[in-house]
Structure formats: structure tokens, C-alpha cells
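Student: Sending over a structure as C-alpha cells; questions will come in a sec.
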Amino acid sequence: MAYAAALAIKEKKADRAILICGSGICMCISANKIPGIMAAACYEPIEAHLARSSLNTNVLCLSGRWFVQGIADKIIHEWLNTPFTCSKRQVRILKKI
């Protein structure tokens, strides 16, 4: 599923994707193997905010096991509604990645 979602983004059939597995880590690793994909496993809303604002991630990976009800909604909301700030420093960091 991670490959299919990442490929859809790479082929411009989707802008972003949200992937869920037990820990979120396996989906994240799998998605990041596709060139042009920036996936982040997030467990708190602040991580989702930073993943979007600082790294311009296009894939959010969530744990299906460890979320208390309502936290996933907050993480998704934060990730979907945070713009990339695109500072010179962040652009330099992304080029290194």
C-alpha cells in the first residue's frame, strides 16, 4: 500500500497520502524508498506540524495501535492544514536530504 500511495504522488495522481500500519514506521520506510517522497511517522500534532512546515512532507504515516481516540484526528488536521514555510535554511536542508 505504501508503494501504491507513493507512486500515485510521484505520478501526480495525488498530492498527499496518509498511511496507517501497526507502528507507522514500516509504512514510512517503504514510502521513503520512492524518489520524491517525503514521509514522516508522527505520533503528536506538533510532529505533524513540523513535518509539514519544515520538511514539506507529502506522506503522513500513523500508528494504528497506539493512538488514544481523537489524537489521530488532531495529527491529521495539523498535517493537512500546515503550510510549508520554505525558508532558505529549510530549502538547504531539503537539498541535502
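The values are calculated or read from the model by the stated rules, or taken from the named source; none is laboratory data. Note that the structure is a prediction, hence the values are computed from the model and not measured. When we count neighbours, we look across all protein chains shown, and the Cβ atoms used for this are built from the backbone with ideal geometry, even at glycine.
Student: Has the stretch 81-92 got any residue that is under 11 Å from the mean Cα position of the chain (by Cα) and basic (Lys, Arg)?
Tutor: Pass one, the stretch 81-92, residues under 11 Å from the mean Cα position of the chain (by Cα): none.
Looking through the stretch 81-92, none of the residues is under 11 Å from the mean Cα position of the chain (by Cα) and basic (Lys, Arg).
Student: Also: Working only within the stretch 65-90, note down all residues that are exposed (fewer than 13 other Cβ atoms within 10 Å of the Cβ) and either closer than 21 Å to residue 30 by Cβ or not polar (S, T, N, Q) (or both).
Tutor: Within the stretch 65-90, the first condition is being exposed (fewer than 13 other Cβ atoms within 10 Å of the Cβ), and the residues that meet it are 65-66, 68-70, 73, 77, 80-81, 83, 85-89.
Selection gives 65, 66, 68, 70, 73, 77, 80, 83, 86, 88, 89.
Student: Of these, 54, 23, which one is among the polar types (S, T, N, Q), outside any loop (DSSP other than H, G, I, E, B) and in contact (Cβ under 8 Å) with a residue 12 or more places away in the chain? Working first, answer last.
Tutor: On the way: 23 fails: outside any loop (DSSP other than H, G, I, E, B).
Being among the polar types (S, T, N, Q), outside any loop (DSSP other than H, G, I, E, B) and in contact (Cβ under 8 Å) with a residue 12 or more places away in the chain holds for just one of 54, 23, which is 54.
Student: Right, something else. Mind listing just one residue for me: the one in the stretch 57-88 that is in contact with a helix residue (DSSP H, G or I) (Cβ under 7 Å, 6 or more places away or on another chain), of a type in the set (Val, Ile, Thr) and not in a helix (DSSP H, G or I) and, of those, modelled with the lowest pLDDT?
Tutor: My answer is 85.
Student: Another question about this same structure. Taking the options 5, 14, 48, name whichever one is more than 13 Å from the chain's Cα centre (by Cα) and either assigned to a helix (DSSP H, G or I) or at pLDDT 95 or above (or both). Let's see the steps before the verdict.
Tutor: Details: 5 fails: more than 13 Å from the chain's Cα centre (by Cα); 48 fails: more than 13 Å from the chain's Cα centre (by Cα).
Criteria check complete, one pass: 14.
Student: So, in the stretch 24-48, of the ones that are small (Gly, Ala, Ser) and buried (at least 16 other Cβ atoms within 10 Å of the Cβ), which residue ends up nearest to residue 83 (Cα to Cα)? Explain how you work it out, then say what you get.
Tutor: To start, the set of residues in the stretch 24-48 that are small (Gly, Ala, Ser) comprises 24, 30-31, 36, 39-41, 48.
Then keep just the ones that are buried (at least 16 other Cβ atoms within 10 Å of the Cβ); that gives 24, 30-31, 39-41, 48.
Details: 24: 22, 30: 24, 31: 21, 39: 15, 40: 15, 41: 18, 48: 11 Å.
Checked the stretch 24-48; the qualifying residue nearest to residue 83 (Cα to Cα) is 48.
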